[in-house]
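Note sheet for the following structure.
The values are calculated or read from the model by the stated rules, or taken from the named source; none is laboratory data. All of these numbers come straight from a predicted model, not from anything done at the bench. So basically every Cβ, Gly included, is an ideal-geometry build from the backbone, and we count neighbours across all protein chains shown. These accessible areas exclude ligands, DNA and RNA; they are computed on the full protein's heavy atoms, side chains included. Shrake-Rupley method; radii C 1.70, N 1.55, O 1.52, S 1.80 Å.
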Amino acid sequence: MTRTNVAELLSSDKFLQEVTLKGWVRTFRANRFIALNDGSTINNIQCVVDFENTDESVLKRITTGAAVSVKGILIESQGKGQSVEIKVSEIEILGDSNPEEYPIQPKKHSFEFLRENAHLRIRTNTFSAVMRLRSALSFAVHKYFTENGFYNFHAPIITGSDAEGAGEMFNVSTLDPENLPKTEEGTVDRSKDFFGKETNLTVSGQLEAETYAMALGKVYTFGPTFRAENSNTTRHLSEFWMIEPEVAFNNLDDNMDLSEDFIKSVISYVLENCKDDLAFLDNRLTQEDKTKPTIERNEMSLLEKLNFVVDNNFKRVSYTEAIDILRNCKPNKKKKFQYIINEWGADLQSEHERYLVEKHFKCPVILFDYPANIKAFYMRLNDDGKTVRAMDVLFPGIGEIVGGSQREERLDVLMQKIKELDIDEKELWWYLDTRKFGTAVHSGFGLGFERLVQFTTGMGNIRDVIPYPRTPQNAEF
Ligand code: 4AD
Ligand code: MG
């Protein structure tokens, strides 16, 4: 038996044909009208039950959440709000859902409640729209890179190196914590561990991607990334997905061009291909805004914001210019920032990034040429000897969405930096080989996939754009 999905039926004009569809009951009203959803679209299809000729016992089992199989004919709808409906001739209950126990009732639930029921929240309109968009964005990422001559590269997930040098890593070990083998010096003997050395979950696939870019030219990774930082914010996860392109012979300007073109392309893709879900989320955000005080409301609707990003150039600003703007801005002078910007060299916090994007420039901003000592070891040193060819793309409502750089391709300069930072060069022998054999200018960046999904869906909390969020003290499901 073939089944037709709801998305197809809703745009069909094959009236009076018999169809079979399967899905879950969203609502059942007046013992007659089932709103049926099967995940293929945000929209439900109305199935009209002939209640006079249906068993009372069956009618009772048509409850919110139940799985049903419906046979009937497609007709033009009599009621308002939909163009077609199904006149049901046969209905079978595939799986009951006890209304006394089912947590997802047809009413507004808080996102906190739904997070605790993350295995069922996907049955709501909001989460199904978000996760369909997440899937479409993921496809758009692979499409963009494939069409632009990139190779997809799978970076290892277990690694011995700390790419970002921040030390916020999850240890991977099979040693018995109750009975750790010790060296003569009394430290844990990792030579007895599974890999014979200390290993961690990767914080970035960049270093390995660089080795591949130096042979395949243009590569990208799109994989899970792990950070053991204790940040309980609406923008941090302990497990997130990162997209990292790396391109041989690209300098920082090329890298900025690539990041801008890439982001615009994937957002255009969903604007074109996910209209129903975006319309729903646009309306959701507008309604949510109405409950907020005027100054906290968004100046643009979700769709306006997405179109704005696609249609306008990102503003490119050096770190030095940004510091001048921040030092002299009102919130800094009136000490409204939590971290006051006094001098050149300060690390920018999310409040500063958002001021630049949301208040000052009012468009996406690419900041570049940061002080060397607040950035990672692999970034290319400028001739001034104090800044590096770093870039961060900053987005309204999100802050940093991309971090990247031109890489230090000169072996002597890189070695000098590694010594200064006291990095174990023995661990990086393979990385340093790329600088010894056929080194060349190259650049890349990392885009946090969940931050992109957050921006595209207008969701306020990053925990609501990944199926099962991992954050400090939380790894349920
Ligand atoms: O700026 P980051 O740390 O850069 C890197 O890891 C580089 N190795 C990337 C590269 O050049 N290939 O991280 C890149 C992006 C950030 O801009 C942010 O969007 C995201 O990854 N990100 C996180 N997203 C969610 N939760 C976290 N804890 C994140 N940390 C970084
Ligand atoms: Mg960064």
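Numerical summary
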| item | result |
| --- | --- |
| HN-Hα J in Hz across the stretch 98-110 - Karplus 6.51, -1.76, 1.60, θ = phi - 60°, x for Gly and Pro | 5, x, 6, 10, 5, x, 8, 8, x, 8, 7, 10, 6 |
| ³J(HN,Hα) computed for each position of the stretch 71-86 - Karplus, 6.51 cos²θ - 1.76 cosθ + 1.60, integer Hz, glycine/proline x | 10, x, 10, 7, 10, 5, 6, 7, x, 7, x, 8, 8, 10, 8, 10 |
| Spherically averaged projected area in nm², based on the convex hull that wraps the Cα atoms of the stretch 6-102 | 5.9 |
| Given charges at beta-carbon only (K, R positive; D, E negative), |dipole| of the stretch 19-143 in Debye | 680 |
| Sequence-separation-based contact order of the stretch 6-102, relative, with Cα cut under 8 Å and 6+ spacing, percent | 30 |
| Cα centroid separation, the stretch 86-136 to the stretch 336-402 (Å) | 41 |
| Lys/Arg +1, Asp/Glu -1 at C-beta; the stretch 6-102 dipole; positive extreme among G79, I93, S57 | G79 |
| Size-normalised alpha-carbon gyration radius of the chain, reference 2.2 N^0.38 Å | 1.16 |
| Average accessible surface area per residue within the chain, 1.4 Å rolling probe, Å² | 50 |
| Acute angle (nearest 10 degrees) that the helix 252-273 long axis makes with the longest principal axis of the chain, alpha-carbon atoms | 0 |
| Kirkwood hydrodynamic radius (C-alpha pairs) into Stokes-Einstein, the stretch 47-154, 10 °C and 1.306 mPa s, D in µm²/s | 90 |
| Projected-area mean, the stretch 288-398, by convex hull of Cα positions, square nanometres | 8.2 |
| Net length gained if the chain between E296 and N98 were fully extended (0.36 nm per residue, minus Cα distance) | 67.2 nm |
| Interchain or long-range residues, amide H under 5 Å from H442's placed H | F249, R407 |
| Directionally averaged shadow of the stretch 180-265, computed from the convex hull of its alpha-carbon atoms, nm² | 9.2 |
| In Hz, Karplus ³J(HN,Hα) per residue of the stretch 130-140 (6.51, -1.76, 1.60; θ = phi - 60°; x = Gly, Pro) | 4, 6, 5, 5, 4, 5, 5, 5, 4, 4, 4 |
| Principal-axis tilt of helix 411-420 within the chain, Cα atoms, nearest 10 degrees | 90 |
| Protein accessible area in the chain, 1.4 Å probe - carbon and sulfur % | 48 |
| Ellipticity estimate at 222 nm from DSSP helix runs (n ≥ 4, -39,500 (n - 2.57)) divided over the chain, nearest 500 | -9000 deg cm²/dmol |
| Dipole axis of the stretch 6-102 (+1 Lys, Arg; -1 Asp, Glu on Cβ), positive-most option in V70, I42, G23 | I42 |
